[in-house]
Amino acid sequence: MFSLPGSIYGRLTDLRNTLYDRGILKTYLLGAKTISIGNITAGGTGKTPLVALVAEILAEKGETVCILTRGYGRKNPKNRVLVSDGKTVLADAATGGDEPVELARNLIGKAIVVADADRVSAAKWALGEFGVTVFVLDDGFQHRRAKRDLDIVCVDATNPLGNGRMLPAGILREPLDNLKRADVIVITRANLARDIENLKSQISDLKLGSPIFTAENRISHVGKLEDFLAGLVMPQSVEKVPALAFCALGNPGNFFEQLRRDNYEISVQKAFKDHHSYTQKDITDLETIARNAKVEALLTTAKDAVKVTGLKFTMPCFVVEVELGIDDEKAFRDLVTSS
């Protein structure tokens, strides 16, 4: 498959941003306060827990929150799907996307979730249907068509800038200087990295003038897959037996490392491609590998768990749920609610 060299990709990205900055390409107000949460790099950056936290903060203030997301990995990416009306999860992962369904489950009573590649059109529809007072754009940093009141960008502490090169040679979606558009920088997975202060200095050297927060992922609940899928309250932890851990994430190594740091005994680990759709054969193969390794259980993420509904397990499978903790949460909450 043909792909553009990183230098050309970077120039095209800069040209596109310049056209937006000069008003040649049009941007649109969404009709309500809008907060974008995104990345400057490709791959998983721990963004989903931050989207959930921002939605929760806004909901606590009495806002009618709607998360607008593209919904990667779903069967019909051009379709608009109401993943949640804020009261009920209305779509499965195949229809609505794995991350949107994960968010919808976590935010029952707190946020509406809509999957649509055209977030400007989706916002207009949601405004009329639900009287939304705040939109949260999931993965919105490069989505320049939608104007926003606050631009939050995640930087993954475990792989912040890759090799410093643009796609496809590196992981940068756009040149680092474009971080100047960000109003807030959140360094995620700080607990899994060694030298956070050096990374802060690197970002500060860009002279962005944006506040920098650090965040860490914490395991909040671990429970049986069947309880998770039934929407039951999960315990904070389970007995830590030897296990096979599996996931389909943008950065799977961070999940495995998080488990080890929390003293889970991971005898085998298996990573699938991000947004992988599981089949019964996948589960059967995983259980065969687990039994051959003489392990007693499977461990997976909430994002993966929403994709195995209806598949048969013959050994215990536990779901690990993660929440985000921010170093100066009060200051962060003030920025989110006052923007």
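The values are calculated or read from the model by the stated rules, or taken from the named source; none is laboratory data. Just so we're clear, the structure is a prediction, and the values are computed from it rather than from any experiment. Note that each Cβ is placed from the backbone with ideal geometry, even for glycine, and that neighbours are counted across all protein chains shown. Quick note on the areas: whole protein, heavy atoms, side chains included, nothing else; ligands and nucleic acids left out. Shrake-Rupley method; radii C 1.70, N 1.55, O 1.52, S 1.80 Å.
Run through the DSSP bridge list for the chain and note the antiparallel percent, rounded to the nearest 5.
25 percent
Which FRET efficiency, nearest 0.05, do Thr133 and Lys294 yield, Cβ-Cβ r, R0 51 Å?
Efficiency, from the Cβ-Cβ distance: 0.40.
Among residues other than Glu174 whose Cβ falls under 10 Å from its Cβ, what is the net charge (Lys/Arg +1, Asp/Glu -1)?
Charge balance in the 10 Å sphere: +1.
Would you mind pulling out the separation of the Cα centroids of the stretch 268-339 and the stretch 134-165, in Å?
For the stretch 268-339 versus the stretch 134-165, the Cα centre distance is 23 Å.
For the chain, take the longest principal axis of its alpha carbons; what is the angle in degrees between that and the long axis of helix 280-292, to the nearest 10 within 0 to 90?
60 degrees
Measure nothing fancy, just the Cα-based angle from helix 47-60's long axis to the longest principal axis of the chain, in degrees from 0 to 90, nearest 10.
Taking Cα atoms only, the helix is inclined about 70 degrees.
Based on the alpha-carbon gyration tensor of the stretch 223-305 and its eigenvalue square roots a ≥ b ≥ c, which shape applies: rounded if a/c is under 1.5, prolate if not and a/b is larger than b/c, or oblate?
rounded
Within the stretch 1-113, what whole-number % of the accessible surface is contributed by carbon and sulfur, with the 1.4 Å probe and all protein chains included in the calculation?
Carbon and sulfur: 53 percent of the exposed surface of the stretch 1-113.
With a 1.4 Å probe and all protein chains kept in place, how do Lys26, Lys124 rank by accessible area, largest first?
Lys124, Lys26
Quick one: of Lys75/Lys281; Lys224/Lys281; Lys110/Lys270; Lys47/Lys307; Lys26/Lys124, which pairs are farther than 23 Å apart, Cα to Cα?
Result: Lys110/Lys270 exceed 23 Å.
Is it possible to state the helix-based mean residue ellipticity at 222 nm for the chain, with each DSSP H run of 4+ residues giving -39500 (n - 2.57), the sum divided by total residues, to the nearest 500 deg cm²/dmol? What is it?
After summing the helix terms and dividing by the residues of the chain, the value is -9000 deg cm²/dmol.
Ignoring any ligand, DNA or RNA, what whole percent of the accessible area of the stretch 131-228 comes from carbon and sulfur when the probe is 1.4 angstrom?
43 percent
What does the charge count near Thr288 come to, summing +1 for each Lys or Arg and -1 for each Asp or Glu among other residues with Cβ under 15 Å from its Cβ?
After counting each charged neighbour, the total is +1.
Hey, can you find the accessible area per residue of the stretch 1-135 for me, probe 1.4 Å, expressed in square angstrom?
46 Å²
Mind pulling the angle between the C-alpha long axis of helix 6-21 and the longest principal axis of the chain? Nearest 10 degrees, somewhere in 0 to 90.
50 degrees
Mind checking which aspartates and glutamates have their C-alpha under 20 Å from Lys312, skipping anything on the same chain fewer than 8 residues away?
Excluding near neighbours in sequence, the set is Asp92, Asp98, Glu226, Asp227, Asp282, Asp285, Glu287, Glu296, Asp304.
Normalised radius of gyration for the stretch 292-339, please: alpha carbon Rg relative to 2.2 N^0.38 Å, two decimal places.
Rg over 2.2 N^0.38 Å, computed on Cα atoms: 1.90.
Quick one: the Cα spread of the stretch 144-302 along its three principal axes, in angstroms, biggest first?
Cα spread of the stretch 144-302 along its principal axes, largest to smallest: 53, 33, 33 Å.
Please check which bits of the stretch 69-94 a label hung off Lys124 would reach, taking the label as a point 7 Å along Cα-to-C-beta and the cut-off as backbone N under 19 Å.
Under cut-off, by backbone N: 69-70, 78-82.
Can you give the net charge of the other residues whose Cβ lies under 9 Å from the Cβ of Ala243, counting K and R as +1 and D and E as -1?
That sum, taken over residues with Cβ under 9 Å, equals -1.
What Kirkwood hydrodynamic radius do you get for the stretch 21-136 when you take the inverse of the mean 1/r over all pairs of distinct Cα atoms, in Å?
It works out to 14.3 Å.
So, R0 is 30 Å and r is the distance between the beta-carbons of Lys273 and Asp327; what FRET efficiency does that work out to, to 0.05?
0.35
Quickly work out the Glu239-to-Leu176 label distance, labels modelled 7 Å from Cα along the C-beta direction, and quote it in nm with one decimal.
5.0 nm
Give the calculated FRET efficiency between Lys26 and Arg165 to the nearest 0.05, with a Förster radius of 22 Å applied to their Cβ-Cβ distance.
With R0 = 22 Å, the Cβ-Cβ based efficiency is 0.10.
What per residue convex hull volume, in Å³, do the alpha-carbon atoms of the chain yield?
143 Å³
Rounded, prolate or oblate, given the Cα gyration tensor of the stretch 129-225, with a/c below 1.5 counting as rounded?
Oblate, since a/c reaches 1.5 and b/c is not below a/b.
Relative to the compact globular guide of 2.2 N^0.38 Å, what is the alpha carbon radius of gyration of the stretch 108-177, as a ratio?
It is 1.40.
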